[in-house]
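To keep things clear, I will list the structure first and then write my remarks on it.
Please treat every number below as a calculation from the coordinates, not as lab data. Remember, it's a predicted structure, so these values are computed and weren't measured experimentally. Cβ coordinates were reconstructed from backbone atoms using ideal geometry, including for glycine residues, and neighbour counts include every protein chain displayed.
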Amino acid sequence: MAIIDDISRDLDWREAEIASMRLLLNRKDISSKQIEVLLRAAWALLYAHYEGFVKYCLTLFYEEISIRLVKCESLPISTQVFALTKVLKQIRELPPADMIAEVTNFKSKYLDSFASFPEVDTDSNLWPETLIALLASADLDSRTVEMNRPKLATLVSRRNEIAHGQKNFIAEYPYYLTYETAVYEGHLEKSQF
């Protein structure tokens, strides 16, 4: 099965949940207090799917590279660095003589080997800077994220306040939709895998 099929399937269930929330928000038989609660829930759900989808896609991306038995040296430098993060950290911590031995054999020992990747880590909150760094490690374009940086930062910040029980209310449904649009624009970019 192609990676694009996996991504499409994952996005389908996420979009179905978000669409279900939209249907609830558009009902005419609910009170303003119920809309207020639904908007907070929609915000938290949107963030959850934003982070979950990014992590899922990047994980698939790296798994596909590993399955194809791609040698580390054939990857872009930023992706090599991500694949070798643990090794590079270990080498930096070696005594000087051991470090020189590792550096001397680095190409044959690490670059000529098949790429293996660490887990994609969103640092508990997928701030725009974190997403940009993750995309850079994968050598993927982050222009859409840059363009939507303020909205994505607000999405994360307000979601954190909601998740921690603070009184952060979403003003109205059209306002929420602008954040949904920002998330979807970023997802369309990532579907280029």
Quiz item: Hey, what do the phi angles of segment 117-125 turn into as Karplus ³J(HN,Hα) couplings, whole Hz, using 6.51/-1.76/1.60 and θ = phi - 60°, x for Gly and Pro?
Solution: 10, x, 5, 6, 10, 8, 6, 6, 9
Quiz prompt | lysines whose Cα lies under 16 Å from that of LYS55, excluding same-chain neighbours fewer than 8 positions away | solution = LYS190
Quiz prompt | Packing-based order for 137-149, 87-99, using average beta carbon neighbours within 10 Å, highest first | solution = 137-149, 87-99
Quiz item: Shape of the chain from its Cα gyration tensor (a ≥ b ≥ c, root eigenvalues): rounded if a/c is under 1.5, otherwise prolate when a/b > b/c, or oblate?
Solution: prolate
Exercise. Sum -39500 (n - 2.57) across every DSSP H segment of at least 4 residues in the chain, then divide by the residue count to get the 222 nm mean residue ellipticity, nearest 500.
Key: -22000 deg cm²/dmol
Quiz prompt | Coil-residue trypsin sites (Lys or Arg not before Pro) of segment 1-42, DSSP, other Cβ within 10 Å capped at 10 | solution = ARG27, LYS28
